[in-house]
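Comments concern the structure below.
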Amino acid sequence: MGDGKILRLSDAIRARIARKGMAKRTEEVYVDWALRFVRFHGRRHPRELGAAEVEQYLTQLAVVGQVAPGTQNQARR
């Protein structure tokens, strides 16, 4: 997934969040988590990724990043 595709993905996320009326800060956080997830999986498109990849990413956050469970839940959304 090239940088252009990542930009389009972030635009799509921002548009969906705007439709839901969420706060700007929430938008920023969700976009950041989504892009981290995509980068972790070698810039593959999220449509190519499933539950196994989500678990891999959350495990990496917990074990390597020592991220708190509440933060992992936020990343899971």
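The values are calculated or read from the model by the stated rules, or taken from the named source; none is laboratory data. Keep in mind that what you see is a predicted model, and the values were worked out from it rather than measured. Methodologically, a virtual Cβ is constructed for each residue, glycine included, from the backbone with ideal geometry; neighbour enumeration extends over all protein chains shown.
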For the condition among the charged types (D, E, K, R) and at pLDDT below 90, what is the one hit in 8, 43, 14?
8
Kindly indicate whether any position in the stretch 17-24 is surrounded by fewer than 13 Cβ atoms within 10 Å (Cβ to Cβ) and modelled with pLDDT under 90.
no
What single numbered condition from (1) under 17 Å from residue 8 (Cα atoms); (2) surrounded by 15 or more Cβ atoms within 10 Å (Cβ to Cβ); (3) modelled with pLDDT of 90 or more fails to hold for residue 53?
(1)
Considering only the stretch 30-42, how many residues are in contact with a helix residue (DSSP H, G or I) (Cβ under 7 Å, 6 or more places away or on another chain) and surrounded by fewer than 16 Cβ atoms within 10 Å (Cβ to Cβ)?
1
